[in-house]
Amino acid sequence: MGKLLVLGTRGSQLALTQSRWVANLITGHQIDLKVIETAGDDLSISIFNPVIPGAFVNALRAALLKGEVDFLVHSLKDLPSIPHPELTIAAIPIREDSREVLVSTGNQLFVDLNPGSRIGTSSPRRSATISRLNSELLPEPIRGNVDSRIEKVRSGEYDAVVLAAAGLARISRLNEVAQYFELDVFIPAPAQGALAVECRSDDRELISLLKELDDPLSRMTATAERAVLQGLQAGCEIAIGATAQVDNGQLTLTAELGGSLGIPSQKFSLSSAVRSDFDLVAAQALGLQLADLFVR
């Protein structure tokens, strides 16, 4: 048995499930999980408080930089698009379903929801898309983990919630889904469904170990999507969605800037030939090129 490695994680069911899944992929080492409380877990803080952007990430990274843990597992969509100078995403394992799903009262489809129905989401991107698809529905802020959000629908507090299919798949609750939104209808967050395994940049031995978990196709599509964020210098307050697929040597990237903060809705798609699933240079360039279309 190799040396003991400490994996830092939030304490939510989803975070623990994701961390355990990654830990189980690592052979020859003992992996201990250390739960780290983050500002984003404090439900007494308003969701509109400036501490919230990055709140799920900053405390984890602080523990990693202090050497309290050896590596972290994040939902990649939660990470800032600009790389941290002292940290490395050593692996992006095989990606889950990136689509959005609807959980609703009586398992109603989106088209069947009554005017005035309250749709729980605190994502500007999801709110903008919901309003674009049906202006008579009411996107309203919601807090809590996946389980508690579903419970708020079942209790009647909300008529529906929009969630990531990946999260429900990881905690085995896909049976709650009333509807999957196809990618051309409801564009997900950049890198939705992908995990990031992060460690200190100077820990070359651990980087080498974790790289064995990397899935080249997942990294390439996530790289293209996150490059759109980099090009727009966008944070979580901007309603931006992006999705990339590879088919027959062509990487196709679609992004949508939703109508929020006075910004009109725009949607663009671009394609580029890629040499292989490892063509990160082409993926990065395509994302930056597409971002440039929004700012012209």
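Laboratory data are not the source of any read-out in this text; all were calculated from the coordinates shown. Predicted model only: the values in this text are computed from it and were never measured. Please note: Cβ atoms are built from the backbone with ideal geometry, for glycine as well, and neighbour counts cover all protein chains shown.
Across the chain, the relative contact order, built from alpha-carbon pairs under 8 Å that are at least six residues apart, equals 20 percent. Among the GluC sites (Glu not before Pro) within the range 94-160, those in coil by DSSP and having at most 16 neighbouring Cβ atoms inside 10 Å are GLU136, GLU157. With label points built 7 Å along Cα→Cβ from the Cα atoms of ASN58 and LEU288, find their separation and express it in nm. Between ASN58 and LEU288, the simple spin-label model gives 2.8 nm. Among LYS152, LYS66, LYS267, determine the one that fluctuates most according to a GNM of the chain built with springs between C-alpha atoms less than 10 Å apart. Of LYS152, LYS66, LYS267, the most mobile in the Gaussian network model is LYS66.
By DSSP, the beta bridges lying fully in the chain are antiparallel in about 70 percent of cases. Applying 0.36 nm per residue to the separation of SER208 and GLU86 and subtracting their alpha-carbon distance, the gain on full extension is 42.3 nm. Once C-alpha pairs closer than 8 Å and six or more residues apart are averaged by separation and normalised to the residue number of the range 100-181, the relative contact order reads 49 percent.
Note on LYS152: lysines with a C-alpha under 30 Å away, same-chain residues under 8 apart excluded, are LYS34, LYS77.
Under a Gaussian network description of the chain, with springs only between Cα atoms under 10 Å, the residue in SER271, SER172, SER117 that fluctuates furthest is SER172. Take the Cβ atoms of GLN108 and VAL281, set R0 to 41 Å, and the FRET efficiency comes out at 0.35. Listed by chain and number, the aspartates and glutamates placed with their C-alpha closer than 16 angstrom to that of LYS3 are ASP32, GLU68, ASP70, ASP203, GLU205; residues fewer than eight positions away on the same chain are left out.
Structural descriptor for the range 215-296: relative contact order 36 percent, calculated from alpha carbon pairs under 8 angstrom and at least 6 residues apart.
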